[in-house]
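A.B. asks: First the structure, which I've put down as structure tokens, then a few questions once you've had a look.
Laboratory data are not the source of any read-out in this text; all were calculated from the coordinates shown. Because the structure is a prediction, the values reported are computed rather than measured. No Cβ is skipped: glycine too gets one built from the backbone with ideal geometry, and neighbour counts run over all protein chains shown.
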Amino acid sequence: MKTLVKILSNPKIYMEKPKNVRIIQTHISVVCLTGFYVYKFKKPVDFGFLDFTTLKKRKFYCEEELRLNRRLSPEIYLGIVELRYDKKNNSFNINGKGELVNYGIKMKEFAQDKILKNLLEKRKLTSKHITQISNILVDFYKKAKTDRRISSYGSAKAFKVNTDENFEQTKSMIGKTITKEQFDLIKEKTNKFYEKNNWLFEKRIKEGKIKECHGDLHTGNMFLNENGKVRIFDCIEFNERFKNSDVVADIAFLSMDLDFHGKEDFSRKLVLDYVKKSKDWELLVLLNFYKCYRAYVRGKVLGFLLFDSNFPEEKKERIKKKSKKYFNFAEKYVIEINRGLIELKRSTAVIMVALTGTGKTIISKLLSSMVDINHLSSDIIRKELFKIEKGKKTFVDYNKGVYSPQNRSKVYEVLLKNAEKTLSEGKSVILDSAEFLKADMRKKALDIIKKTKSKVFIVNLIVPDNIVKKWIGQRMNDKNNESDGHWQIYLKQKKLAEPFSEEEKKHLIVYEYDDYIYPSDVYKNIINKIIK
């Protein structure tokens, strides 16, 4: 490797004959800055997750690097060059005569002080740059390649390979850069997220959200060109598992990077700008999961250096602190994994009026994952109040046991008490209970909402019987679903449902749909209405 660096340090081998050459080394490449152009050569290494050991492989990955990066910066990535050895003159050259030694990428050089990470540290990055980035990314992902093979990397099972690998590789770091408590918490919540949201991973695949992405999207891989325009470079080309992902994995990386550098306002703007322009609201549900993943990987990679005997000892303390900071961020994100990002202008109450099995709880959960709004569910309160084991179904008649009028009244009383407290603090709530099918129960809720001077929306979901019956049957075996509602309860609730008053109709949003794969448009439309 020292020989390769020595060869590339010689200004005479370059066609433009620079006065000197600045060499930057990574664990996989030698980057040569000549003042005119940048030459990047891959080292003949095999780290498991990449293999550059043969000339043929290095050529292939140079071609891939060129193809992938020209999607975002075609004017920067100029072409592939050949490093050759001229035996006759006992000298090396680029694109000249002699034996082929290596392949490299030729790029147009840009000023290092224009890299966004450097601008960020000097407080020269502005919100206009963030707007530029979000515009670029919306267009990029719209055009990015996807197919069956690429999409296969977006399943929960496929992505779990990445997180399982992380946990296995960081066991030796426990007590050094990550605490045992952090390790256990992040691992537990990550695995639970897969269990609860497997349906969403599958939905993203069906909707074409798994793309050939950038893979390494952070401010160190962006710069401002001579016209002040943001350009993105250095995509991952060497590993299918790292570059093929849900688009949110890319967005989350950059968002995490901005958070890490103390620019949470820019991070928030980036995400919300992208979501509003792309209409990809579900990205918000997955955001903190992927931000946790990205922060964890950064902490892991830095942690590896502490075990590297070739890494200078005097630099290890600084690296240790930085690694710890990334793991702290990973912990923060996993704790906030279900926290909504969109803030409402004033305290708001959303009353869900729907029969059991129509999707009101799923929609409520999604709304609370995207909007800063508290989901108050009678199903959860009932299990807590009567000490029923989480995930256990209580199949009783509508007016018996925990569903007796007296016990339903107790649950409803707690729900309203929690709602009043939350709204009085200036926060927002989603009230999720079948009790709101009755007019007198809605009136009690509306009186509290009026008392706290909160904004109110009443959401009424209407779904055909055959689809509800199918959905109720599917959720009976779902331990993550807290609802006890079965078909007979649905039929009894249907008879009890009461019409809306003229006053209630002023706040009413009605959604009627005839297919229950997933009511995608419902929560998106609700979001659009409540954030105005």
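A.B. asks: For the stretch 249-317, what does the relative contact order come out to in percent, with C-alpha contacts under 8 Å and a separation of six or more?
C.D. replies: Value for the stretch 249-317: 37 percent.
A.B. asks: Take every Cα pair under 8 Å in the stretch 2-109 that's 6+ residues apart, average their separations, divide by the length, and report that relative contact order as a whole percent.
C.D. replies: 24 percent
A.B. asks: Please sort 27-33, 259-265, 310-316 by packing, taking for each peptide the average over its residues of neighbouring beta carbons within 10 angstrom, highest first.
C.D. replies: Peptide ranking by packing, descending: 27-33, 259-265, 310-316.
A.B. asks: Then there is this: Are there trypsin sites (Lys or Arg not before Pro) in the stretch 1-33 that DSSP marks as loop and that have at most 11 other Cβ atoms within 10 Å, and which are they?
C.D. replies: Those that pass, being in a loop and sparsely packed, are Lys19.
A.B. asks: At q = 0.13 Å⁻¹, what log₁₀ I(q)/I(0) does the stretch 116-335 have when each alpha carbon counts as one equal point scatterer in the Debye sum?
C.D. replies: -0.77
A.B. asks: Show me, for the stretch 322-327, the HN-Hα J-couplings you get by feeding each phi into the Karplus relation (A = 6.51, B = -1.76, C = 1.60, θ = phi - 60°), rounded to Hz, glycine and proline as x.
C.D. replies: Each residue of the stretch 322-327 in turn: 5, 4, 4, 4, 5, 5 Hz.
A.B. asks: Follow-up question, since we're still on this one. Once the piece of chain linking Lys19 and Lys410 is laid out straight, how much longer is it, given 0.36 nm per residue of separation minus the C-alpha distance between them?
C.D. replies: 132.5 nm
A.B. asks: If you don't mind, another one. Can you tell me the dipole magnitude for the stretch 209-289 around its Cα centre, using point charges on the Cβ only (Lys, Arg +1; Asp, Glu -1), in Debye to the nearest 20?
C.D. replies: 320 debye
A.B. asks: Also, I was wondering about something else. Taking every DSSP beta bridge that has both residues in the chain, what percent is antiparallel when rounded to the nearest 5?
C.D. replies: 60 percent
A.B. asks: OK, next. Residue by residue, what Karplus-based ³J(HN,Hα) values in Hz, rounded to whole numbers, does the stretch 444-453 have, using 6.51, -1.76 and 1.60 with θ = phi - 60° and x for Gly and Pro?
C.D. replies: Values per residue, Gly and Pro as x: 4, 5, 5, 5, 5, 4, 5, 4, 8, 6 Hz.
A.B. asks: Turning to a different aspect of this structure: Under 10 Å from the Cβ of Ser267, count the other residues' Cβ atoms, weight Lys and Arg +1, Asp and Glu -1, and hand me the total.
C.D. replies: That works out to 0.
A.B. asks: Given the rule -39500 (n - 2.57) for each run of at least 4 DSSP H residues, summed and divided by the residues of the chain, what is its mean residue ellipticity at 222 nm, to the nearest 500 deg cm²/dmol?
C.D. replies: -15500 deg cm²/dmol
A.B. asks: Enter the angle in degrees (range 0 to 90, nearest 10) between the Cα long axis of helix 55-69 and the first principal axis of the Cα atoms of the chain, meaning the one along which they spread out most.
C.D. replies: Between helix and principal axis, roughly 50 degrees.
A.B. asks: Would you mind pulling out the separation of the Cα centroids of the stretch 320-386 and the stretch 166-201, in Å?
C.D. replies: Their Cα centres are 20 Å away from one another.
A.B. asks: Related question: Quick one: angle between helix 283-305 and the longest Cα principal axis of the chain, in degrees between 0 and 90, rounded to 10, please.
C.D. replies: In the chain, helix 283-305 runs at an angle near 40 degrees to the longest axis.
A.B. asks: Out of residues 5 or more away from Lys43 or on other chains, whose amide H comes under 5 Å of its own, with H placed 1.01 Å from N in the peptide plane?
C.D. replies: For Lys43, the qualifying residues are Ser29, Val30.
A.B. asks: For the stretch 109-211, take the convex hull of the Cα atoms, compute a quarter of its surface area, and give me that in nm², please.
C.D. replies: For the stretch 109-211, the mean projected area of the Cα convex hull comes to 10.3 nm².
A.B. asks: While we're on this one: Taking the Cβ of Glu99 as the center, what net charge do the other residues with Cβ under 14 Å away carry, scoring Lys and Arg +1 and Asp and Glu -1?
C.D. replies: +2
A.B. asks: Which angle from 0 to 90°, rounded to the nearest 10, does the C-alpha axis of helix 247-260 make with the longest principal axis of the chain?
C.D. replies: 80 degrees
A.B. asks: Let me ask something additional. ³J(HN,Hα) across the stretch 336-345 via Karplus (A = 6.51, B = -1.76, C = 1.60, θ = phi - 60°), whole Hz, x for Gly/Pro?
C.D. replies: Here the 3J(HN,Hα) series is 9, 4, 10, 7, x, 9, 7, 8, 8, 5 Hz.
A.B. asks: Could you work out the mean projected area of the convex hull around the alpha carbons of the stretch 2-109, in square nanometres to one decimal?
C.D. replies: The number I arrive at for the stretch 2-109 is 6.8 nm².
A.B. asks: Quick check: pseudo-label points 7 Å beyond the Cα along Cα→Cβ at Thr179 and Lys492, how many nm apart are they?
C.D. replies: 4.8 nm
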